[in-house]
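Read-outs throughout are calculated quantities, based only on the coordinates presented, and are distinct from any laboratory measurement. Computed from a prediction, not measured in an experiment: that's the story for all the values here. When we count neighbours, we look across all protein chains shown, and the Cβ atoms used for this are built from the backbone with ideal geometry, even at glycine.
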Amino acid sequence: MTLLREAIGDSLRRARLAQSRTLREVSTSARVSLGYLSEVERGRKEASSELLAAICAALDVPLSRVLWDVSTIMAGADGLPADAPAQTADAPETERTAAVEPAEAAPEPATATMSVAGPRPQIAEETRIVIPAPKADMLVLVKSN
């Protein structure tokens, strides 16, 4: 069973490593002790909402993005697909299948263009494409020239 504090720590650590930053850099920027930040990342300490906000600000990652990532981790730990909608027993079927969007939208990612032969496929506007966040052991840093 994955604990919430462990999922939060995993998400924060992946965000920090993706930026190639050290614990010391982030702890200084967030005004959190190095040891405490390390304990939060390892899932040993429960971080308050104020502390999470400070760490997210230091990482320049919206708190809503971290919480979205955590919900994906927790859903996976519960054996649910990453994009499974939340369900309540008393909600009608149409309400139970409604997609949940994050509270704060992330900035638009840079897009690459590629040439594809043939007609361009049309995707319905209400279609949501979910790309799971990489796990720390799958993270590959590529240096561009």
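In this label model, SER49 and SER29 are separated by 2.4 nm, measuring between points 7 Å along each Cα→Cβ vector. Each residue of the range 16-28 is assigned a 3J(HN,Hα), and the resulting list reads 5, 5, 5, 8, 6, 10, 8, 4, 4, 4, 5, 5, 5 Hz, derived from the Karplus form 6.51 cos²θ - 1.76 cosθ + 1.60 (θ = phi - 60°), x at Gly and Pro.
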